[in-house]
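Data first, discussion second: the structure below is written as structure tokens.
No lab work stands behind these numbers, since they all come straight from the coordinates. Note that this is a predicted model, so its numbers are computed, not measured. Here Cβ is always computed from backbone atoms with ideal geometry, including for glycine, and neighbour counts include all displayed protein chains.
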Amino acid sequence: MLNKQIHYSNQQLQSWVDGLIYKGKTVIGPVKKNGVTCFSEIKNFNELILNERTVYSAKEVVLPKYDILFKFAKEKDKVFISKNENSLNNVIVIGLRPCDNEGFDYLRLFFKSDPDILQKLNTFISVTIACEKKFDGCFCEELGIDKNYSNKTDVLIKTSENGYDIYFNDRGNEILSPQASDVKPAEIKKPVPNVSIDNKVAYLKKLSEQYNSEKWKIVSMGCLGCGSCAFVCPTCTCFDVQDEGNTQNGQRLICWDACGMGLFTKHASGHNPRPSQVERRRHRIMHKFVYTQDTEGKISCVGCGRCIAACPAHLNIYNQALQILQ
Amino acid sequence: MEKSWYIPYKMKITKVINEAVNVKTFRLEFVNPEDKAAFSFKAGQFGEYSIFSEGESTFCIASSPTRKDYIECTFRTAGRVTNALARCEEGDILGFRGPYGNVFPMNNWAGKNIVFVAGGIGLPPLRCVIWNVLDLGDTFGHITIVYGAKSIEELVYKDELKEWSKNPKVTLAVTVDPGGENPEWKGHIGFVPDVIRKIAPKSENTIALICGPPIMIKLSLTVLNELGFSDNNIYSTLENRMKCGIGQCGHCMVGKKYVCKDGPVFTNEEIKALPLEY
Amino acid sequence: MNQKINQHIAYLMKEKGVNLIISQAKDSNGFVIPHFILSENDIISSVIAINEMRNFFAYLNKQEIKSFKSIGIVCNYFGVKTFFQLKFENQLKDLELFLLIPTDDDFIEITSEKQAEDYLSGLKQSTILVDEELENVKKMSMEERWNYWMKTLELCTKCYACRAACPMCYCSSCTTECNIPQWIPVPASLHGIFEWHVMRAMHLAGRCTECDECVKVCPANIPLNILNKGLHNKISEAFSSDDSSIKYALNFFQPDEKVDFIK
Ligand SMILES: Cc1cc2nc3c(=O)[nH]c(=O)nc-3n(C[C@H](O)[C@H](O)[C@H](O)COP(=O)(O)OP(=O)(O)OC[C@H]3O[C@@H](n4cnc5c(N)ncnc54)[C@H](O)[C@@H]3O)c2cc1C
Ligand code: SF4
Ligand code: SF4
Ligand code: SF4
Ligand code: SF4
Ligand code: FES
């Protein structure tokens, strides 16, 4: 609950972030790397890119493109296994967008019984920036997400006259440590219960009636079967388990995988339950808008539009869902 | 921190049996006694077997839960991990995660007859149930086993087939595809569905379990239906590509169902309700 | 596309039995996207500058697209080059293709290898490719180059969009997918990324048509074209490019190849 509020000038925001880094916190935020905006650790405030949507979502803070599960060493007839400990203690993720938070919210549901990932998801402190404008392809509002507000964060930054209004909860209080005299009770913007969103969600669920629609052939024509859409998506969770190493030692890893790729479902026998992009594209759209309604109780697309920007054919997942339903 | 889901038990290979061309059975025993004490499973479940440095592979637990000192798996060499497994010897250490998945609802079958239909490498998951049923003595009714393979060489568990054939509680029909026999062959010659039709097990008070190549399953189901078996009395296991075994990696999904979590055991009625993604 | 092309598309569909046209359009975000015309109703007019156009020949690797058999494809110079190279590699069998290249307010149609060759030789450029970024890299010391590649490749996630969008990556089973032995490590670790790109560059040496699709689709902005162009130049320098007997420098295909991933 974001129950308190303070005001920062541009200068104060900068000194706050630089101060956190100085105090030894790990601060992760959107930066430009080789021209690509993505989340990465920063060493000073000026590295932050706060006016763009990242190409890759913030999920990589918790689920990096590959992660070591454990290391092993083999010796005659013995095997030693050591679990890889990596926690997000002391980590502050700044520059999240409301869609990133919705993404994390979904991940908490999805990974509810994996203690390691859940622990990571609940450990870092999140600092969100409200979006003033839409980015290319964003459609979060269509899915009932307020781009100007998020209550699934520890700190929310909104631009205001000569600086920023900063809303925060108790965890946010710890990293802001404001002077008591500067703090006001937050003027809470009550999330308006949005009936039309419930209708929208129910409407999208009707996709399941269209499982055998001929239109899947049309919407999948542009799909080339890569992993871009899944890899940039804040709520795609699929992974592969792989070993690296030699007969003496090595490690077992999980790494990103994507249902758009042909190999994803292919059996060793050559049989493939989803033999073409028609079935693969359908699975992606159905998983986002229908299946997770049943498995996790909500649709898992947060409308960030990242997949639309990243897709070689810029396929629009939301428009395609509507096209199928028409 | 809690033990990660992905850290396997260490298992020692204590026995290697060459079942058929490219098919081996491993008997595995827990390296740590605490692991063994904490472990239990039920018929129908599977696990992730791994070689450190090559990766993990999904097999059912082919031994019966009534045999508590070990677990066994029977596998055919297919790709990277299974080829590496085939090179392992007695004494080697493997990794094992499990048991995963749902189970055959054997508690509901007390007093019922059971028909097992298996083709080729489909026998291992059923073998677990067969031994479980036989070890529990009089709990169940009569047992019928129809098992077929391409040729005599490709039949697995050859010694156990002999043992079952001598058991008065069991009607065993072993068959090989036409051309797969040799002059000494005393069993059936022909495809599994035809053999089921020939020995025509009664469907009253009877459960059928079926496992094998898709085409065999499809044709056998028709015969079983003809014999009066209803779809909710026919059980099968699905085998989608798997990575995690615990409903997280997304590989095994059939529509919204996870074969690893919601399965691998399904009744034929349930399978018919699934989208065709298996 | 322009009016003349659109009229011709309608003609091809009505009179020539062409049942799919892979055209190009701009979406509401300004991205150039493929526009599939399945019937005359799908024809739209759109304005895309010739050098903004993309190369959608990779779609011809999809079985679902191949099954249309008679296909029109709107492209620019790079499309023609791709067509020529694919024909030469004995791909595009069983396909009847109509290449439509927009010009100012007209278009050129190409349907045969011969026409493509004439078109390309009419525009013949130096075999040494010039690219600003490539020149920058060439000026670097070995150590600087190493750092340059480490810095850019680090971001690769192995999404394989570059491969998916590349018309020359048509193998039905890619070397990255071979796991006995596992030539290329699967995770997108530096090791796995590096081997993947070195492998791909080798497989494209002398075959890459420089359409830059891989760069356009890479979410991580990796200048893959530098690798391919650099390798192309090395080959042109080493083997005289006028020698028509040398068609591939680093690859060699035989019709009776034992493996079947190249068909
Ligand atoms: C629930 C279940 C029970 C199974 N039980 C048995 C058994 O008792 N005996 C047996 O021989 N085989 C069984 N299989 C099939 C077995 O898992 C595959 O043959 C094996 O994973 C191939 O692994 P590989 O690494 O050697 O092959 P590769 O071709 O190198 O495969 C790479 C990956 O593909 C996946 N994969 C490929 N084919 C299959 C497949 N058919 N099913 C599932 N995943 C696959 C695996 O995740 C593997 O890691 C079972 C599969 C499932 C899902
Ligand atoms: S929808 Fe686009 S990004 Fe996703 S797999 Fe298809 S081509 Fe790749
Ligand atoms: S599916 Fe696309 S728009 Fe939806 S959350 Fe994922 S990346 Fe964003
Ligand atoms: S859309 Fe595909 S890659 Fe993404 S979570 Fe669902 S199954 Fe996995
Ligand atoms: S498209 Fe880019 S990120 Fe994806 S595999 Fe190719 S180089 Fe890597
Ligand atoms: S095997 Fe990973 S989700 Fe089922």
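Summing Lys, Arg as +1 and Asp, Glu as -1, what charge do residues with Cβ under 12 Å from the Cβ of residue A:304 carry, residue A:304 excluded? Don't skip to the end; give the middle numbers.
Numbers: positive: A:53, A:59, A:97, A:134, A:147, A:288, A:306; negative: A:100, A:102, A:136, A:141, A:142.
Every neighbour counted, the sum reads +2.
Need one number: convex hull volume per residue for segment B:106-237, Cα atoms only, in Å³.
Once divided by residue count, the hull of segment B:106-237 is 99 Å³.
From the C-alpha coordinates alone, can you work out the Kirkwood hydrodynamic radius of segment C:132-251, in Å?
15.2 Å
If you take each beta carbon of peptide A:299-309 and count the beta carbons of other chains within 10 angstrom, what is the mean?
Numbers: counts 0, 0, 0, 0, 0, 0, 1, 1, 1, 3, 3.
Taking the mean over all residues of the peptide, I get 1.
May I ask for the Rg/Rh ratio of segment A:4-325, computed from Cα atoms with Rh as the Kirkwood radius, given to two decimals?
That ratio equals 1.00.
Would you kindly work out the equivalent ellipsoid of segment B:9-100 from its C-alpha gyration tensor and give its semi-axes, the square roots of five times the eigenvalues, largest first in whole Å? Intermediate values should be presented prior to the final figure.
Values: eigenvalues 76, 39, 31 Å².
They are 19, 14, 13 Å, listed from largest to smallest.
Once the cut-off is 55 Å, how many percent of the Cα-Cα pairs in the protein assembly as shown end up in the long-distance tail? All intermediate terms of the calculation are to be shown ahead of the outcome.
Numbers: 71023 of 375411 pairs.
Above the 55 Å cut-off, the protein assembly as shown has 19 percent of its Cα pairs.
Just counting partner chain Cβ atoms within 10 Å, what average do the residues of peptide C:186-192 show around their Cβ?
Per-residue shielding by partner chains comes out at 6.
For segment C:68-147, state which trypsin sites (Lys or Arg not before Pro) are in a DSSP loop and have at most 14 other beta carbons lying within 10 Å of their beta carbon. Provide the component values of the computation, followed by the final result.
On the way: sites: C:69, C:81, C:87, C:93, C:114, C:124, C:138, C:139, C:145; in loops: C:69, C:93, C:124.
Passing sites in segment C:68-147 are C:69, C:93, C:124.
Calculate how steeply helix B:123-135 sits against the longest principal axis of the alpha-carbon atoms of chain B, using the helix alpha-carbon long axis, and give the answer as 0 to 90 degrees to the nearest 10.
Helix B:123-135 and the main axis of chain B meet at about 80 degrees.
Distance between the C-alpha centers of segment A:129-177 and segment A:209-280? Whole Å please.
About 33 Å separates the Cα centre of segment A:129-177 from the one of segment A:209-280.
Rounded to the nearest 500, what is the 222 nm mean residue ellipticity of chain A from helices alone, with -39500 (n - 2.57) per DSSP H run of 4+ residues and division by all residues?
The per-residue figure over chain A is -8000 deg cm²/dmol.
Just report the Cα centroid separation between segment B:111-186 and segment C:1-58, whole Å.
That distance is 61 Å.
Relative to 2.2 N^0.38 Å, what does the C-alpha radius of gyration of segment A:1-115 come to as a ratio? Two decimals please. The partial results should precede the final answer.
Working: Rg = 18.0 Å, N = 115, 2.2 N^0.38 = 13.4 Å.
Here the Cα radius of gyration is 1.35 times the empirical estimate.
Summing Lys, Arg as +1 and Asp, Glu as -1, what charge do residues with Cβ under 13 Å from the Cβ of residue C:190 carry, residue C:190 excluded?
On the way: positive: A:65, C:151, C:158; negative: A:244, C:154, C:195.
Residues near residue C:190 contribute 0 overall.
Give, in whole angstrom and from largest to smallest, the semi-axes √(5λ) of the equivalent ellipsoid of chain B, with λ running over the eigenvalues of the Cα gyration tensor. Provide the component values of the computation, followed by the final result.
On the way: eigenvalues 172, 95, 69 Å².
After diagonalising the Cα gyration tensor, the semi-axes are 29, 22, 19 Å.
Relative to the first principal axis of the alpha-carbon coordinates of chain C, what is the inclination of helix C:3-15, with its axis defined by its Cα atoms, in degrees from 0 to 90 and to the nearest 10?
Result, in degrees: 80.
Calculate, axis by axis, the spread of Cα positions in chain C along the three principal axes, and write the results as whole Å, longest axis first.
Largest to smallest, the principal-axis extents are 58, 43, 39 Å.
With N set to the number of residues, divide the alpha-carbon radius of gyration of segment C:3-123 by 2.2 N^0.38 Å and report two decimals.
On the way: Rg = 13.5 Å, N = 121, 2.2 N^0.38 = 13.6 Å.
That ratio works out to 0.99.
Based on DSSP, what percent of beta bridges with both residues in the protein assembly as shown are antiparallel, to the nearest 5?
65 percent
Which GluC sites (Glu not before Pro) does segment B:1-46 hold that lie in a coil by DSSP with at most 15 other beta carbons within 10 Å?
Values: sites: B:2, B:19, B:29, B:34; in loops: B:2.
Sparse-neighbourhood loop GluC sites (Glu not before Pro): B:2.
Looking only at chain C, where both bridge partners belong to it, what percent of the DSSP beta bridges are antiparallel (to the nearest 5)?
Around 60 percent of the beta bridges assigned by DSSP in chain C are antiparallel ones.
Compute the distance from the alpha-carbon center of segment A:310-326 to that of segment C:193-224, in whole Å.
About 27 Å separates the Cα centre of segment A:310-326 from the one of segment C:193-224.
Per-residue counts of other Cβ atoms within 10 Å, averaged by peptide: what ranking do you get for C:74-80, A:62-68, highest first?
Descending mean neighbour count gives C:74-80, A:62-68.
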